Amino acid sequence: MVCILERKRIITTAIFFVFTLLLFGTSMAGWENKNLAGTNVKSLIVDPDQPATLYAGTNGGIYKTSDSGATWSYSALRFRGVDSINIVSGCSPQLLAGAWSNIYGSTDGGENWVYFASLADSVNDIVTSSSCIRYIGTDNGVYGSNTTQGLAGEEINTLAIDSANTVYAGTDGGKIYKSDDNGSSWTLIRDSEGMVWDIISVDTNTLFAASLPSGVLWSDDGGATWSQRISGLPDIDGSGLYGVNAMASGTNVLYAGVTKSITPLSTAVYKSVDNGLNWTATDSAASKEYEIYAMAVDSTDTVFLGSDFGVLKSTDAGSSWLDLTSEIKAVDTNHSMVENSAGLLFVGSNGGGIYGSSDGGATWAQVGTGDPGRVEALLVDNTDTLYCSNNSTGGIYKSTDNGITWNSSSNGLPSMAMGSLTLYDEVYSLAQGGNGRIYAGLESGEVYYSDNQGVLWNATTVLPGIGSRVCSIAAGAGGLVYVGTEGDGVYKSIDGGTSWSPKNNGLPVSANVSGNGLLLDSTSGDLFLPLVTDKVYRSSDGGDSWVPADPEIGCGSAALAMDSTKNLFGVFCHGAVYKSSDKGNSWTDMSDGLGAMDNVEGINIQGIFANKQDLLLLSTSSDGVFTFSQSSFAWTLFLPAIISSRQ
């Protein structure tokens, strides 16, 4: 879903880890949610009949406010996350939401949601005509409620519809299409952009498109001709390229979410009062180190901004901004979790950068200056140097001061130029071998290594498979290294990557390994392998053969962890946690306290980690981090003090 052209966002300063409140109870163990503030807001929509009511589509589902954002309440679809919401009075259902490839509807203002339809592709945007025809923009074209699929093969980022019910579609490949016959046919009206992120219609035939590299495009003839309107807007890092991610219109005013810099990421909100001819920056409180995804303006001209960290609003045309981020706590953490020798814990997130904890996971804070926003892989090496992937513009960053500052460490990795910018291939896995060599698994299916802590990266011999993403690496003593791929199983090298051999005997064909999933017991040499849509497998002969080691609950495994006493813990169906004390031969459910395993409303668990004190941590895409203490002593409840250093 992410690609090398994705834009970068970076976190600023580390303020570390405050405030615990001890509360003694009975002797017990259990899961506790460390509800991190912030969320990835992909869509915002205002109820046209109730301007104080707003819906936010987030990685943790739908949230609703009835008081212009002062307070928010969870509505639905926690497990799946929501990329698009549409509301139209007079149509039934009035509300539609896109979650993965499914459509859900609500007829009672979001109090209840029901399954409405399923498509073959992920949903990115929804619009509705005045005659209640629904259009769904997906990763593979546009679906209409009154017609068959159109624009097959095009990844649709955005849809817009004007007062004459003409529909416009902007694509990830930089094209703009229109349909004036209710989606029966489509006409290409622009074919020269890198990406089109947003389109807004201000009246019949008058359009604005937010794009890269043109920034803002304007048309007053239904897209027959276009002109660039960027006077006053900054280009990206002096490159001559303009990146506008989102737009919205109010009464005689336009707003644009602009990317000013990629290295480091810096975005801001600009406004225009002359139909886009000239732009000026709004208050700097909206200039953040996050990616802007959505904007909405209500009938009182209050403007809302949705980003990969939360929500801001302005009631004075951008002269000031109020940060509402702390009102929604649904940080999208992933399977990348590590601990250094001092016991500091780090977890990567999709949009919120890196969070750290110095008190065993009790409290968490964003850490670092210069760390990327989208982090799929983390590594602590044998000198406590930290490494993380940068899955916004690709490549690797590293920190030598416990995550306080981060710098690019990508020299030698595959790259491409975009103007004056350098973009690197994305890294999805990191590991260090017993010989100190660091390995990086790439989106392209390649494995790179560094023998000098990331100063220079070199390619190993190409894997003999089909070039599937290298999503997991487990390295042992000397030159022993195993890699897991998405769709091509497992490979092994005993010479640090000079040669590779497939190790798939006993695995299903085209085995899809879970991200960061390969687990190597350094004492016994046993290997454990979770597959996304299948079982957990075990090998006791260096990968020469694999046998199931699974609780047989009928769905795939997302992650594995092992504690100091060799207990094995597995995440299944992204919502259940099991424990095995006999190498996966038998399992015990330990999911109490996590809620029902539900792939619509349940929590979506991405990873599991056991620290040096055998504290278990769960990372989720919907609810931040959970911890579980296996201690027999009275358990301790810590207030989740979350501090944001964003300025």
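Summary of values
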| read-out | value |
| --- | --- |
| Residues of region 143-191 satisfying the condition of being at positive phi and either of a type in the set (Phe, Trp, Tyr) or in contact (Cβ under 8 Å) with a residue 40 or more places away in the chain (or both) | Asn182, Gly183 |
| Restricting region 467-490 to residues that are over 26 Å from the mean Cα position of the chain (by Cα) and assigned to a loop (DSSP other than H, G, I, E, B), the residue that is surrounded by the fewest Cβ atoms within 10 Å (Cβ to Cβ) | Ala477 |
| Some residue of region 551-567 being more than 22 Å from Ile605 (Cα to Cα), surrounded by 15 or more Cβ atoms within 10 Å (Cβ to Cβ) and either touching a residue at least 12 places away in the same chain (Cβ under 8 Å) or small (Gly, Ala, Ser) (or both) | no |
| Where Thr385 falls short, out of the listed (1) open to solvent by 30 Å² or more (accessible area, probe 1.4 Å); (2) modelled with pLDDT of 95 or more | (1) |
| Qualifying position, being over 18 Å from Pro530 (Cα atoms), open to solvent by less than 20 Å² (accessible area, probe 1.4 Å) and aliphatic (A, V, I, L, M), among Val625, Val600 | Val625 |
| Selection status of Gly361, at positive phi and either surrounded by 20 or more Cβ atoms within 10 Å (Cβ to Cβ) or assigned to a loop (DSSP other than H, G, I, E, B) (or both) | yes |
| Number of positions in region 255-272 that are closer than 24 Å to Ile45 by Cβ and open to solvent by 10 Å² or more (accessible area, probe 1.4 Å) | 2 |
| Pair list, Cβ under 7 Å, 6 or more apart: region 596-612 residue assigned to a strand (DSSP E or B), other residue of a type in the set (D, E, K, R) | Ala610/Asp563 |
| Selection within region 308-333 - assigned to a strand (DSSP E or B), modelled with pLDDT of 90 or more and either within 22 Å of Ser392 (Cβ to Cβ) or open to solvent by less than 60 Å² (accessible area, probe 1.4 Å) (or both) | Val311, Leu312, Lys313, Ser314 |
| Total residues in region 234-274, condition outside any strand (DSSP E or B) and small (Gly, Ala, Ser) | 3 |
| Counted residues, region 465-516 - those being of a type in the set (A, V, I, L, M) and free of Cβ contacts under 8 Å to residues at least 40 places away in the same chain | 5 |
| Selected residue (criterion: nearest to the chain's Cα centre (by Cα)) from residues of region 359-386 that are of a type in the set (Ser, Thr, Tyr) and within 23 Å of Ala440 (Cα to Cα) | Thr369 |
| Test result for Tyr74, open to solvent by 30 Å² or more (accessible area, probe 1.4 Å), out of contact with any His (no Cβ under 7 Å at 6 or more places or on another chain) and farther than 17 Å from Ser619 by Cβ | yes |
| From Ala120, Ala160, residue being under 25 Å from the mean Cα position of the chain (by Cα) and at pLDDT 95 or above | Ala160 |
| Failed condition for Gly109, given (1) within 29 Å of Gly150 (Cβ to Cβ); (2) touching a residue at least 40 places away in the same chain (Cβ under 8 Å); (3) in a loop (DSSP other than H, G, I, E, B) | (1) |
| Residue within region 275-284 that is in a strand (DSSP E or B), farther than 27 Å from Ser410 by Cα and open to solvent by less than 30 Å² (accessible area, probe 1.4 Å) present | no |
| Top-ranked residue in region 285-307 [being free of Cβ contacts under 8 Å to residues at least 60 places away in the same chain and small (Gly, Ala, Ser); ranked as surrounded by the most Cβ atoms within 10 Å (Cβ to Cβ)] | Ala286 |
| Verdict on Gly506 being touching a strand residue (DSSP E or B) at 6+ places or on another chain (Cβ under 9 Å), in a loop (DSSP other than H, G, I, E, B) and at positive phi | yes |
| Residue that is modelled with the lowest pLDDT [pool: residues in region 188-206 that are outside any loop (DSSP other than H, G, I, E, B) and either farther than 21 Å from Gly257 by Cα or open to solvent by 60 Å² or more (accessible area, probe 1.4 Å) (or both)] | Asp203 |
| Strands (runs of 3 or more DSSP E) completely within region 120-187 that count 2 or more residues being open to solvent by less than 20 Å² (accessible area, probe 1.4 Å) | 123-128, 134-138, 141-144, 156-161, 167-171, 176-179 |
| Tally of residues being surrounded by fewer than 20 Cβ atoms within 10 Å (Cβ to Cβ) and small (Gly, Ala, Ser) across region 334-348 | 3 |
| Among residues of region 207-233, those that are touching a residue at least 24 places away in the same chain (Cβ under 8 Å), open to solvent by 10 Å² or more (accessible area, probe 1.4 Å) and more than 26 Å from the chain's Cα centre (by Cα), counted | 8 |
| Of all residues in region 93-119 being surrounded by fewer than 19 Cβ atoms within 10 Å (Cβ to Cβ) and β-branched (Val, Ile, Thr), the one that is nearest to Gly153 (Cα to Cα) | Val114 |
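The values are calculated or read from the model by the stated rules, or taken from the named source; none is laboratory data. These numbers come from a predicted model, not from an experiment. When we count neighbours, we look across all protein chains shown, and the Cβ atoms used for this are built from the backbone with ideal geometry, even at glycine. Keep in mind that these areas ignore ligands, DNA and RNA; they rest on the heavy atoms of the full protein, side chains included. Shrake-Rupley method; radii C 1.70, N 1.55, O 1.52, S 1.80 Å.
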